[in-house]
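Novice: Before we start, here is the structure in question, set down as structure tokens.
The values are calculated or read from the model by the stated rules, or taken from the named source; none is laboratory data. Worth saying up front: this structure is predicted, and the values here are computed from it rather than measured. Cβ placement follows ideal geometry from the backbone for every residue including glycine, while neighbour counts extend to all protein chains displayed. These area figures cover heavy atoms from the full protein model, side chains too; ligands, DNA and RNA do not enter into them. Shrake-Rupley method; radii C 1.70, N 1.55, O 1.52, S 1.80 Å.
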Amino acid sequence: MFKRFESSQCSTSTPVKASVQRKIISQLVESNPMLEDCIDEIIPKKPPLTAYKVTAFLTLYCLNNEPVLFEERDGPVLPTLRFCHKYPSLFTTVTVDAGAIPFILGGANIMCPGLINPGSVLPPDLEEGQAVVVMADGKEHALAVGHLKMSAADIREKNKGIGCVVAHFLGDGLFACEEI
């Protein structure tokens with residue numbers, strides 16, 4: 001999604017209304033329950049978020065011109081990797097085995113075997129469409145952000161096909177963009 005992203009692709013910027021910002025934050029807390037206690041410190045009400053239209057179906061939310069969240073059409077609100085690196089223990093994570101790392105860094109989606117092989121960690125309570133931060137076995141920082149294409153139970157049962165759709169990964173255009 002952001003493989004060839006540049007800040008010049010952002011067409012319009014508008015301040016986010018307080019009601020919309022509350023909705024965005026509630027969606028983020030719903031998919032990452034550990035954020036509930038500290039969300040007001042991480043994303044304060046003042047100054048408000050700024051929404052940048054990237055394409056007809058992609059919105060990037062910035063705080064003080066720094067990208068912090070993005071949303072694709074009706075998909076979940078996802079944090080950027082830089083935001084995840086600032087607050088690593090607050091997001092719902094899945095861990096992939098070492099064999100999946102080069103493919104993910106190339107922008108590929110994560111296949112089911114990469115989520116259940118030895119060295120991988122897939123929490124059992126994850127549902128289809130849930131936003132996740134992807135960690136790698138033995139690595140300190142997150143390498144991708146995406147959402148599950150099927151529930152954790154289905155991933156373990158089927159063990160075939162795409163398990164996690166990668167929306168943003170380490171080294172893509174959004175990661176290279178520190179400010180808008």
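Novice: Let's see if you can work this out: charge +1 on each Lys and Arg Cβ, -1 on each Asp and Glu Cβ, no other charges. What is the dipole magnitude of the chain about its Cα centre, in debye to the nearest 20?
Specialist: Numbers: 16 positive and 21 negative charges, 89 e Å.
Result for the chain is approximately 420 debye, rounded to the nearest 20.
Novice: At 1.4 Å probe size, put 147, 168 in order of accessible surface, largest to smallest. Write down the numbers at each step before the final one.
Specialist: On the way: 147 45, 168 0 Å².
Descending accessible area places them as 147, 168.
Novice: Also, quick follow-up: Provide the per-residue ³J(HN,Hα) series for the range 153-160, in order, calculated from phi with Karplus coefficients 6.51, -1.76, 1.60 and θ = phi - 60°, each as a whole number of Hz, with x at glycine and proline positions.
Specialist: Here the 3J(HN,Hα) series is 5, 5, 4, 5, 6, 7, 6, 9 Hz.
Novice: Which whole-number percent is the relative contact order of the range 1-155 (Cα, under 8 Å, 6+ apart)?
Specialist: Numbers: 256 pairs, mean separation 28.3, N = 155.
Relative contact order, the range 1-155: 18 percent.
Novice: Oh, and also: Determine the gain in length on full extension of the stretch residue 19-residue 165; use 0.36 nm per residue of separation and subtract their C-alpha separation, reporting nm with one decimal.
Specialist: Details: separation 146, 0.36 × 146 = 52.56 nm, distance 2.88 nm.
Value of the extension gain: 49.7 nm.
Novice: I'd like the accessible area for residue 40, computed on protein heavy atoms only with a 1.4 Å probe and all protein chains in place. Round to 10 Å², please.
Specialist: 100 Å²
Novice: If the cut-off is 28 Å between C-alpha atoms, which lysines fall inside it for residue 45, apart from same-chain ones fewer than 8 positions away?
Specialist: Straight-distance partners of residue 45: 17, 23, 53, 86.
Novice: In Å², what does the accessible area per residue of the chain work out to with a 1.4 Å probe?
Specialist: Working: 9230 Å² over 180 residues.
Result: 51 Å² of accessible area for each residue.
Novice: Same structure again: At a 1.4 Å probe radius, carbon and sulfur cover how many percent of the accessible area of the chain? All intermediate terms of the calculation are to be shown ahead of the outcome.
Specialist: Numbers: 4780 of 9230 Å².
In the chain, the share of accessible area belonging to carbon and sulfur is 52 percent.
Novice: Considering only protein heavy atoms, what is the solvent-accessible area of residue 170 at a probe of 1.4 Å, reported in Å² to the nearest 10?
Specialist: Number for this one is 60 Å².
Novice: Still on this model: Ranked from the most accessible area to the least, with a 1.4 Å probe and all protein chains present, what is the order of 12, 92? Walk me through the intermediate numbers first.
Specialist: Values: 12 75, 92 20 Å².
The most accessible residue leads, giving 12, 92.
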